[in-house]
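Working notes for the structure below.
Every number in this text was worked out from the coordinates using simple rules, so none of it is lab data. All values reported here derive from a predicted model rather than from experimental measurement. Every residue, glycine as well, gets a Cβ built from its backbone with ideal geometry; the counts of neighbours run over all protein chains shown.
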Amino acid sequence: MLELKDLTKRFMGPAGVVRALDGVALRVPAGEFVAVHGPSGCGKTTLLLAAGALLRPTDGRVTIDGQNPYDLPPDERSRFRAGKIGFVFQQFHLVPYLTVLDNVSAPCLAKRTPHASDRARELIARFNLDDRIGHLPAALSTGERQRAALARALLNKPKLLLADEPTGNLDERNAENVLQSFAELAEDGVAVLLVTHDTRAASYANRALYMENGNIRPAK
């Protein structure tokens with residue numbers, strides 16, 4: 001489902017060129033949950049953004065479901081992302097003036113989804129947010145916001161789910177619930193790539209990798 005070949009991303013920093021990604025190679029097939037952990041600044045977020053067609057790599061190739069999204073014009077790439085990829089971020093990125101229902105339904109603005117409202121309500125129920133369906137994000141707990149963000153990411157039934165530090169703001173119980181949800185999604189056939197500081201993710205993932213200095217290797 002996701003394949004990265006010799007992926008490199010270089011930035012110009014104050015001290016010269018920074019190689020945020022340094023020849024990364026990675027495959028995440030459908031139905032596998034891969035967790036990548038490593039120290040701050042090792043390139044985890046850059047990896048996820050490049051893999052999710054949000055940050056063009058300097059060199060190398062990204063293939064998602066047989067297509068290189070960077071070969072597409074920007075508007076087609078946006079539609080491709082909306083149809084194939086779900087994103088979950090540490091800061092949630094919920095729209096503050098929209099209810100839980102409207103936040104979860106928001107991806108249908110980028111890709112028309114049949115029965116989007118019914119699908120949103122199903123996901124809200126799945127993540128035990130029924131009694132919060134009409135609430136604004138400010139009225140939710142941290143764990144509820146993350147569950148709402150996860151529900152939103154799944155609205156269009158993505159084939160690939162990308163998660164950036166999704167447990168960073170959660171207590172232990174809520175973090176375990178989110179990680180268990182990722183494991184269940186992989187069992188349903190979704191390819192899941194998680195980057196995190198949280199070493200607990202390894203116990204839920206099918207495969208754990210370690211990232212350092214812009215490259216990845218099997219976790220010890």
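Could you list, in sequence order, the residues of region 47-62 that are on the phi < 0 side of the Ramachandran plot and either in a loop (DSSP other than H, G, I, E, B) or of a type outside the set (A, V, I, L, M) (or both)? Break it down stepwise before answering.
Taking region 47-62 first, the residues on the phi < 0 side of the Ramachandran plot are 47-52, 54-59, 61-62.
Answer for region 47-62, where residues must be on the phi < 0 side of the Ramachandran plot and either in a loop (DSSP other than H, G, I, E, B) or of a type outside the set (A, V, I, L, M) (or both): 52, 54, 55, 56, 57, 58, 59, 61.
Somewhere in region 63-83, is a residue of a type in the set (Phe, Trp, Tyr) and either under 29 Å from residue 145 (Cα atoms) or assigned to a strand (DSSP E or B) (or both)? Working first, answer last.
First, pick out the residues of region 63-83 that are of a type in the set (Phe, Trp, Tyr): 70, 80.
In the following step, the residues that additionally are either under 29 Å from residue 145 (Cα atoms) or assigned to a strand (DSSP E or B) (or both) were identified as 80.
Within region 63-83, one or more residues are of a type in the set (Phe, Trp, Tyr) and either under 29 Å from residue 145 (Cα atoms) or assigned to a strand (DSSP E or B) (or both).
Selection of region 84-103 for residues being within 15 Å of residue 152 (Cβ to Cβ) and either in a helix (DSSP H, G or I) or among the small types (Gly, Ala, Ser) (or both) yields 86, 100, 101, 102, 103.
Pick out the one residue from 69, 29 that is surrounded by fewer than 17 Cβ atoms within 10 Å (Cβ to Cβ) and on the phi < 0 side of the Ramachandran plot. Step through it out loud before you land on a result.
Details: 69 fails: surrounded by fewer than 17 Cβ atoms within 10 Å (Cβ to Cβ).
After ruling out the rest, the residue left standing is 29.
Scanning region 1-39 for residues that are more than 25 Å from residue 185 (Cβ to Cβ) and either small (Gly, Ala, Ser) or assigned to a loop (DSSP other than H, G, I, E, B) (or both) turns up 13, 14, 15, 16, 20, 23, 39.
Determine, yes or no, whether residue 59 is over 20 Å from residue 166 (Cα atoms), touching a Ser or Thr at 6+ places or on another chain (Cβ under 9 Å), in contact (Cβ under 8 Å) with a residue 40 or more places away in the chain and charged (D, E, K, R). Walk me through it before giving the result.
Working: over 20 Å from residue 166 (Cα atoms): yes; touching a Ser or Thr at 6+ places or on another chain (Cβ under 9 Å): yes; in contact (Cβ under 8 Å) with a residue 40 or more places away in the chain: yes; charged (D, E, K, R): yes.
Considered against the rule, which asks whether it is over 20 Å from residue 166 (Cα atoms), touching a Ser or Thr at 6+ places or on another chain (Cβ under 9 Å), in contact (Cβ under 8 Å) with a residue 40 or more places away in the chain and charged (D, E, K, R), residue 59 comes out as yes.
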